[in-house]
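J.: Quick one: the structure is below, questions incoming.
The values are calculated or read from the model by the stated rules, or taken from the named source; none is laboratory data. Since we're looking at a predicted model, the values are computed, not measured. Cβ sites come from the backbone with ideal geometry, for glycine too, and all protein chains shown count toward neighbours.
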Amino acid sequence: MAADRPFDTTTPSSSQLTGPTAASGASPVAAGEKVASPLSTSSTSSTGVQTSRSEQSQAAQIWREFKKRKLAVCAAILMIVEIMIAVFAPFIANDRPMAFRGVNRFEFQQLIQTVESLMAMANGESRQESGAAKKVYPVLEKARSLLETAAAEIDVSTSNGSESHQQFEGLIRRIQDMQKPLGSFPDQTSALPPELIQGIQALLKDVKTLKKSELPPLLSRWYFPALVQLNGIDFWFIAAAIFWPVWWLTTRLWTFAYRQPRWLQLLVLAGVPTLAAGIWVEINPSRLDQTNYKQGVLTAYDFSRTAPVIFDVVVWPLVPFGIDEYDTTNQTQPPAFSLKEPQKLATPWDRPHWLGTNHNGVDLLTLLIWGARISLSVGLVAVLIYMSIGIVLGALAGYFRGWVDILISRLIEVVICFPTLFLVLTIVALLKPSLINIMIVIGLTGWTGVARLVRSEFLRLVNQEFVLAGKSIGFSSTRLIFRHILPNALAPVVVAATFGIAGAILLESSLSFLGLGVRVPTPSWGTILSEGRTRLLQAPWQMTYPGFAIFITVTCYNLIGEALRDAADPRLRGTR
């Protein structure tokens, strides 16, 4: 791309320099920006200046040096795989099918039961002496909507199905006829007339009769139980895990996307998953799915006609177990690979427990996969919190100096005097143990090291010529701090962040192990360890595997941090 533009053969003056290399007479290297190399002669080959933007940036130099550390690269790949497993845990370890085509009889029966409950509620509300019409109308609206959903599930190609469908349509029309006078009732605060009350009672009686009648034949369609159970946060992370790699490839293949302002790229990276999650929450309201899919049978084996779910085609996750699926027949089972005889499976859809089970019969591999979501999210969010605090305070102290530096430095010294672990234990003991509290507490107690690091970097950079040039031009302090100085001070901060994630994961596991972290049944590596400590001799695998997961994760983050530290130091580049 550089060959398409004319080159400026003039040497920039010192007042035009905007980088820390201004003192040496070279053009500055701003984070993520391309540097135009001045030509000493007109005969210089164009191949010497066709260097891409990524090769000129500081981040690209660090990345090139980082790739030379093979062990760190392997650790980074392992962490990416671990994060992806945690994000896509609902599709990897779940007691609900990923997808199936068939009939969900249990869901149909639950619809009828819910309609009965709503009609009973409407019957009670209709007897009130004031405000009955205002309260009964939305209840009838919900009941009508559920009846329409149930009627759409009936197979009308058979005689029984056609007759049942007519019954449902009749109930729907009766509810609609009753809603008309309720909607136009002159006095919404008065009692209902007797004929409307009697009509609601008759509807309740007919719904009870419908519930006791034989289940009509239902249409076979596609269901996605594992997908439907996702909430907005789960969907955001899944959308981000899919969209971000696609965007990265787009910026490499389509230069127009790469040339967009950085703030716009960040807005796209955050906005697209947020928009997708918002749409998902709107079209898929949260509901409790109580269907026991493990009791489902294939269509060819539906002899009793009582199975809750009928499968024409079904696709189960790789680990078909749930975090709250208690199997009393397989309590404290050792790993499947250590057994001489195959494990006894509770249902035909189960698979061997490759890492064993705990004392409740819950699959240990499932707990580890879902526990990774808690441990990793605590580490990432806690580090994000204290990085934000440390960067802002350290930047203010290093840039303004004087009394601002003294005040912030004294605050850092006061906070750093308290032992972090005991301070966290004290705060968590006073608060209710929860995931959010742990993230906030770790974030509020770990910012001091980052603040001191950023302060030292700002003290080093604040007198550079590119900062003085910016001041002479009239740049505001905010622009100088966040757009010019901070990008040149972020390399050691990123290194500290990787070490901080490892420390936060270890601290969260310690709190959960002591019973001050997340509570059961929410899985966490620390809680799994805590549950297994009383059965160390009888079931050592309950502590071995979660402990190994913590060890591998912390070690990998430390290896990544060490490699980034060496790659960011020009004196150590090329030493490995």
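J.: Counting only residues that are of a type outside the set (Lys, Arg) and free of Cβ contacts under 8 Å to residues at least 12 places away in the same chain, which one in segment 86-137 is nearest to Leu376 (Cα to Cα)?
T.: The initial filter retains those residues of segment 86-137 that are of a type outside the set (Lys, Arg), namely 86-95, 97-100, 102-104, 106-126, 128-133, 136-137.
Those left that are additionally free of Cβ contacts under 8 Å to residues at least 12 places away in the same chain: 117, 124.
Working: Ser117: 42, Gly124: 49 Å.
It comes out as Ser117.
J.: What do you reckon, is Glu325 among the charged types (D, E, K, R) and free of Cβ contacts under 8 Å to residues at least 12 places away in the same chain?
T.: So Glu325 fails the test.
J.: Test of understanding: among Ile505, Ile552, Ile560, which residue is surrounded by fewer than 19 Cβ atoms within 10 Å (Cβ to Cβ) and among the aliphatic types (A, V, I, L, M)?
T.: Going through Ile505, Ile552, Ile560 in turn, just one is surrounded by fewer than 19 Cβ atoms within 10 Å (Cβ to Cβ) and among the aliphatic types (A, V, I, L, M): Ile552.
J.: For segment 490-500, give me each residue that is of a type in the set (Gly, Ala, Ser) and at pLDDT below 85. Talk me through it step by step, then tell me what you get.
T.: Quick first cut of segment 490-500, residues of a type in the set (Gly, Ala, Ser) only: 491, 496-497, 500.
Ala491, the sole residue that qualifies.
J.: Only one of Val450, Val428, Val424, Val454 is surrounded by 22 or more Cβ atoms within 10 Å (Cβ to Cβ) and either within 24 Å of the chain's Cα centre (by Cα) or over 25 Å from Ala563 (Cα atoms) (or both); which?
T.: Of the residues listed, the single one that is surrounded by 22 or more Cβ atoms within 10 Å (Cβ to Cβ) and either within 24 Å of the chain's Cα centre (by Cα) or over 25 Å from Ala563 (Cα atoms) (or both) is Val424.
J.: Would you mind finding the one in Val462, Val450, Val428 that is modelled with pLDDT of 85 or more, among the β-branched types (Val, Ile, Thr) and more than 14 Å from Gly500 (Cβ to Cβ)?
T.: Checking each option against the conditions leaves just Val462.
J.: Are there any helices (runs of 4 or more DSSP H) wholly within segment 50-158 with 3 or more residues that are modelled with pLDDT under 90, charged (D, E, K, R) and over 30 Å from Ala300 (Cα atoms), and if so which?
T.: The helices (runs of 4 or more DSSP H) meeting that bar are 132-152.
J.: Check whether at least one residue in segment 354-366 is within 24 Å of Thr527 (Cβ to Cβ), in a helix (DSSP H, G or I), among the charged types (D, E, K, R) and at pLDDT 90 or above, and report yes or no.
T.: No, segment 354-366 has no match at all.
J.: Quick test of your reading of the structure: Tyr223 fulfils all but one of (1) among the hydroxyl-bearing types (Ser, Thr, Tyr); (2) at pLDDT 90 or above; (3) farther than 30 Å from Leu298 by Cβ. Name the failing condition by number.
T.: The single condition Tyr223 does not satisfy is (3).
J.: Turning to a different aspect of this structure: In this structure, does Arg351 turn out to be of a type in the set (Lys, Arg), surrounded by fewer than 17 Cβ atoms within 10 Å (Cβ to Cβ) and assigned to a helix (DSSP H, G or I)?
T.: Details: of a type in the set (Lys, Arg): yes; surrounded by fewer than 17 Cβ atoms within 10 Å (Cβ to Cβ): yes; assigned to a helix (DSSP H, G or I): no.
So Arg351 fails the test.
J.: Same structure again: Among residues belonging to segment 232-246 that are of a type in the set (A, V, I, L, M, F, W, C) and either out of contact with any helix residue (DSSP H, G or I) (no Cβ under 8 Å at 6 or more places or on another chain) or not in a helix (DSSP H, G or I) (or both), point out the one that is nearest to Ile283 (Cα to Cα).
T.: Ile242
J.: Hey, among Trp254, Trp236, Trp244, Trp280, which residue is surrounded by 12 or more Cβ atoms within 10 Å (Cβ to Cβ), without any contact (Cβ under 8 Å) to a residue 40 or more places away in the chain and hydrophobic (A, V, I, L, M, F, W, C)?
T.: Trp244
J.: Just one of the numbered conditions (1) free of Cβ contacts under 8 Å to residues at least 12 places away in the same chain; (2) assigned by TED's automatic domain parsing to the domain that holds Thr448 is not true of Ile412; which one?
T.: The one condition Ile412 does not meet is (1).
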